[in-house]
Amino acid sequence: MEILLADINDISEILDLQKISYKQEAEIYNDYQIPPLTQTVEEIENEFNNNTVLKAVIDDIIVGSVRAYIKKNKCYIGRLIVHPNHQNKGIGTKLMNKIEKYLEDKGIVKYELFTGEKSQKNIYLYQKLGYKIFKSEKLSDIVIIVYFEKEIARHGI
């Protein structure tokens, strides 16, 4: 497996993978209108203009992806996806580590991300990677979003 910078030619494949990957989330909440499932090609193209997008590739097939953008001194990470057939093999962890490493020297002091309160696999992964919950927000009667952050460890004097 390789983790590479995605480019505009990968949009279609990443969007298809996103829709496959987020079906599990939709099932948890019984809500198939969540943004990752309704996102259009045009919307993801706009994200490509403002985000760093990485892809995990096995045998020329994209099996995972993650996006991030920097605003002020924070790096916002989102849309971590791994094809269901490739989950629980460390691909999500490798994508997270790579995006953090890729952007850590851009003057940021914190990473931030979110997931649904019922998304136990995601919560476990983020906590394992050193993220801490700092707030939650009720999105609807069924969905509560949990926000995580991780401060960048600065080495030196």
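The trypsin sites (Lys or Arg not before Pro) of segment 18-74 that DSSP puts in a loop, and whose beta carbon has at most 11 other beta carbons within 10 Å, are LYS72.
Against the criterion of solvent-accessible heavy-atom surface with a 1.4 angstrom probe, MET96, MET1 sort, most first, into MET1, MET96.
Using a probe of 1.4 angstrom, how much of the accessible area of segment 33-117 is carbon and sulfur, in percent? Spell out each step's value before the answer.
On the way: 2020 of 4410 Å².
Carbon with sulfur: 46 percent of the solvent-accessible area.
For segment 1-60, rounded, prolate or oblate, judged on the Cα gyration tensor with a ≥ b ≥ c (square roots of eigenvalues), a/c < 1.5 rounded, else prolate if a/b > b/c?
Note, shape of segment 1-60 comes out oblate.
In a DSSP loop and with at most 16 other Cβ atoms within 10 Å, the chymotrypsin sites (Phe, Trp or Tyr not before Pro) in segment 1-107 are TYR32. Residue ranking by accessible heavy-atom surface, 1.4 Å probe, largest first, among LEU17, LEU4, LEU125 comes out as LEU4, LEU125, LEU17.
Calculate, for segment 8-80, the solvent-accessible area per residue in square angstrom, rolling a 1.4 angstrom probe over the heavy atoms of the protein chains.
On the way: 3880 Å² over 73 residues.
It amounts to 53 Å² per residue over segment 8-80.
The values are calculated or read from the model by the stated rules, or taken from the named source; none is laboratory data. It should be emphasised that the depicted structure is a prediction, and the values quoted were computed from it without experimental measurement. Quick reminder, even Gly has a Cβ in these numbers, built from the backbone with ideal geometry, and neighbours come from all protein chains shown. Just so you know, the surface numbers come from the protein's heavy atoms only, side chains and all, with ligands and any DNA or RNA stripped out. Shrake-Rupley method; radii C 1.70, N 1.55, O 1.52, S 1.80 Å.
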